[in-house]
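Chemist: Okay, handing you the structure first.
Values in this text are rule-based calculations from the coordinates and carry no lab data. Since the model is a prediction, treat every value here as computed from it, not as a measurement. Using ideal geometry, Cβ is built from the backbone for each residue, glycine included, and neighbour counts are taken over all protein chains shown.
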């Protein structure tokens, strides 16, 4: 599948500086910032600066430098937020069935409390 990137999505606007954010970490290829509607005591969004719609798009088309930078940035966020000891969850939604709300790759780093099961079994 070929992805078409919408450069008017909210994360693209954040990357251009049109919308403010609470930056946690910024690197050459990645931006991490606090979610404005946190679902846990720690809720940080990590996004690549490149125009990638979802994780498989990024994994297939990003440069090695972008992939390494993004992966290391997630690790740095976990460390900076003190989540190594108590644990954390990383979520990336993709497409309609995955309930992706913003068409720009982002991972949610959540922690600071017990998060419960991720999905319930279909009955």
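Chemist: Based on the alpha-carbon gyration tensor of region 10-111 and its eigenvalue square roots a ≥ b ≥ c, which shape applies: rounded if a/c is under 1.5, prolate if not and a/b is larger than b/c, or oblate?
Modeler: rounded
Chemist: Right, another one. Summing -39500 (n - 2.57) over the DSSP H runs of n ≥ 4 in the chain and dividing by its residue number, what mean residue ellipticity at 222 nm do you reach, to the nearest 500 deg cm²/dmol?
Modeler: Details: 3 runs with 30 residues, N = 123.
Mean residue ellipticity at 222 nm (helix-derived): -7000 deg cm²/dmol.
Chemist: So if R0 is 41 Å, what FRET efficiency would residue 76 and residue 4 give, r being the distance between their Cβ atoms, rounded to the nearest 0.05?
Modeler: Calculated value: 0.85.
Chemist: Would region 68-123 count as rounded, prolate or oblate if I go by the C-alpha gyration tensor, calling it rounded below 1.5 in a/c and otherwise prolate when a/b exceeds b/c, oblate otherwise?
Modeler: Oblate, since a/c reaches 1.5 and b/c is not below a/b.
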